[in-house]
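As structure tokens, the structure follows; a few thoughts come after it.
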Amino acid sequence: MNGIFFFLTTVSVAVMLFVRPDDVLSSMLKGGEKALELTLTMTAVYAVWMGALKIAENCGITEKLARALKKPVKFLFGNVSDKAEEYIAMNLSANLLGMGGVATPMGMAAAKELDRDGNVHAMGMLLALAATSIQLLPTSVISLRAEAGSAAPNDVILPTLIATSLSTAIAALSVKLVSKRGKK
Amino acid sequence: MKFSAYAIPVLFLALFVYARFKRVKLYDSFTDGVKGAIPLAFSLFPYLAAIFAMTELFGASGLSALLNKALSPLWKFFGVPESVGPLILIKPFSGSGSLAVLSDVYAEYGPDSYVSRCASVIFGSSETVFYVSAVYFSSCGNKKPTSAVIISLAASFIAAVFACLICRIL
């Protein structure tokens, strides 16, 4: 990110030096303003969803989902230690519900556990599932659209679900194929 | 009738009733969850400010238009609207960056346009691949799953192209 930031800002400012030097500061200030505006919007968005997610968490929905995920985990990850399996299931269930704050530490714990066993296949699978987004409900997107005055903010739920299932399926399948070929 | 309009209300209703049934204190839980909202949103601010300052400069200098023009044959080939291209490029690197681009697309095209819907689906169906792999495996000493990173990037790209396709139908 440091490289990208240096390159884009430096080249942009250098170009503007010749075309419109007066606009450099005002452009950056405009950026700060937009950032503040989006931060406030996101505060409202997070307030609603994090409140709702805490209720779900206190109902034990995360654990219940994690228990239901045990079988799929076994199928996708193959032989992993009980501890790793539990972390993976918790990570997936939190990711499905869109609880990034819970998912990340669980994912790190799972990765550490798998790393100790030298199970690169399972590590790859963990990454493939987490990095292609398996969130069931695109909460931020729906809320941002609603805030922007959309007439039907929810109409992206179904397409998003289809697209994210596709990317996750492709990634999981590819990881399985690659590791199978590696074993031969 | 748009059944999706009912998704959120039904979800909240089910959650609240279930929580009541489970004897979970609704008000206390909700407020407890909201506590994390301000720190989380404001922890984004420095990154959003940097990204927005960068993209504003990039736009004002005319370079962004130049880059878009250069990349437009590529996006055209895949059937992706040009204005969604930057989102596909930045998403694997930065969550706040893609959030910034998404809100810019909404502001420019209106949230219900085809372009905005494509951007919404792409944003909602992908993750910050590099960030996730860096954080998840930060404490791992052994071999890192490099092939899985490449696979995830490719799968996300295919899904993004596909997303623009389904947004035409759905």
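Before moving on, here are some points about what is shown:
- Cα extents of the range B:1-152 along the three principal axes, largest first (Å): 59, 52, 30
- A helix-only calculation puts chain B at -24500 deg cm²/dmol for mean residue ellipticity at 222 nm, using -39500 (n - 2.57) for each DSSP H run of at least four residues, averaged over all residues.
- Taking each residue as 0.36 nm, the span from B:Leu74 to B:Thr146 lengthens on full extension beyond its C-alpha to C-alpha distance by 23.3 nm.
- When every Cα-Cα distance of chain A is counted in 10 angstrom steps from zero, the calculated P(r) takes the values 8, 26, 26, 22, 13, 5, 0 percent.
- Each label point was placed 7 Å from the Cα along the Cα-to-Cβ direction; for B:Val17 and A:Phe7 their separation is 5.4 nm.
- The order of B:Cys118, A:Cys59, B:Cys164, going from fewest to most other C-beta atoms within 10 Å of their C-beta, is A:Cys59, B:Cys164, B:Cys118.
- Restricting the trypsin sites (Lys or Arg not before Pro) of the range B:71-170 to loop positions (DSSP other than H, G, I, E, B) with no more than 13 neighbouring Cβ atoms within 10 Å leaves B:Lys143.
- Here the contact order of chain A, divided by its residue count and restricted to Cα pairs under 8 Å and six or more residues apart, works out to 18 percent.
- Exposure proxy for A:Leu158, B:Leu153, A:Leu38: other Cβ atoms within 10 Å of each Cβ, ordered fewest to most, give A:Leu158, B:Leu153, A:Leu38.
- With distances taken between every two different alpha-carbon atoms, the range A:1-59 has a Kirkwood hydrodynamic radius of 14.5 Å.
- The lysine pair tally for the range A:1-83, using Cα distances under 16 Å and a gap of 8 or more places or different chains, is 4.
- Residue order for A:Leu177, B:Leu102, fewest other beta carbons within 10 angstrom first, comes to A:Leu177, B:Leu102.
- Where Cα atoms sit under 30 Å apart: lysine pairs in chain B separated by 8 or more or lying on different chains: 8
- Difference of contour (0.36 nm per residue) and Cα-Cα distance, B:Glu108 to B:Leu67: 12.9 nm
- Kirkwood hydrodynamic radius of the range A:106-152, from inverse mean 1/r over distinct Cα pairs, in Å: 13.0
- Pairwise label distance in nanometres, B:Ser139 with A:Lys74, each label 7 Å out on the Cα-Cβ vector: 2.8
- Among B:Ala119, B:Ala160, B:Ala134, residue whose mean-square fluctuation peaks in a GNM of chain B (springs only between Cα atoms under 10 Å): B:Ala134
- Result for chain B in a Gaussian network model with C-alpha springs under 10 Å: among B:Leu40, B:Leu63, B:Leu15, the largest mean-square fluctuation is at B:Leu15.
- The range B:1-66 - Rg over Rh from alpha carbon coordinates, Kirkwood radius: 1.29
- For the peptide A:5-16, the mean number of other protein chain Cβ atoms found within 10 angstrom of a residue's Cβ is 5.
- Computed across the protein assembly as shown, the Kirkwood hydrodynamic radius from all distinct Cα-Cα pairs reaches 21.3 Å.
- Most mobile listed residue (B:Asp112, B:Asp32, B:Asp104) in chain B, GNM with C-alpha springs under 10 Å: B:Asp32
- Value of relative contact order over the range B:1-145, rounded to a whole percent, pairs C-alpha under 8 Å and six or more apart: 17
Since every read-out is calculated from the coordinates, none of them should be taken as a lab result. The structure displayed is predicted, hence computed values, not measured ones. Ideal geometry is used to build each Cβ from the backbone, glycine not excepted, and the neighbour counts take in all protein chains shown.
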